[in-house]
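All of the numbers you see were taken from the coordinates with simple rules; none came from a lab. Predicted model, so just to flag it, every value in this text is computed and none were measured. Backbone-built Cβ (ideal geometry, glycine too); neighbour counts: all protein chains shown.
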Amino acid sequence: MFPKPIDKIDDLIKKSRFELDDEKRTKLIKVDIQREMAIQMPYLNYMGQAEGLNTGWPWFENYGFVQGQTGGSAGQEAYLEYWYDPKKKPA
């Protein structure tokens, strides 16, 4: 993605690969690497470029889990896999 290595970020990534302690590795990835990425901002999306956002109610089970197959309608294929759980719906 980048034409040359980003020294501090690459060093942190390499360090996380060799860290055997799960908690330390998680901290390296979720805190140290993300913090350094935010400081350096090595990549920005183009204006207007964004990932999709889908939300669903907790009582509408399996939403977002099933992806439609190519050649068919995503709605027709995915809706077969959803179900309603009345115990999870707030009163």
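Run the simple label-point estimate for residue 18 and residue 43 please: 7 Å along Cα→C-beta, distance reported in nm.
Taking the simple label geometry, residue 18 and residue 43 are separated by 2.5 nm.
Under a crude label model (7 Å from the Cα following the beta-carbon direction), how far is residue 7 from residue 27 in nanometres?
About 2.5 nm separates the two model spin labels.
How far apart, in nm, are the 7 Å Cα→Cβ label points at residue 84 and residue 61?
About 1.4 nm separates the two model spin labels.
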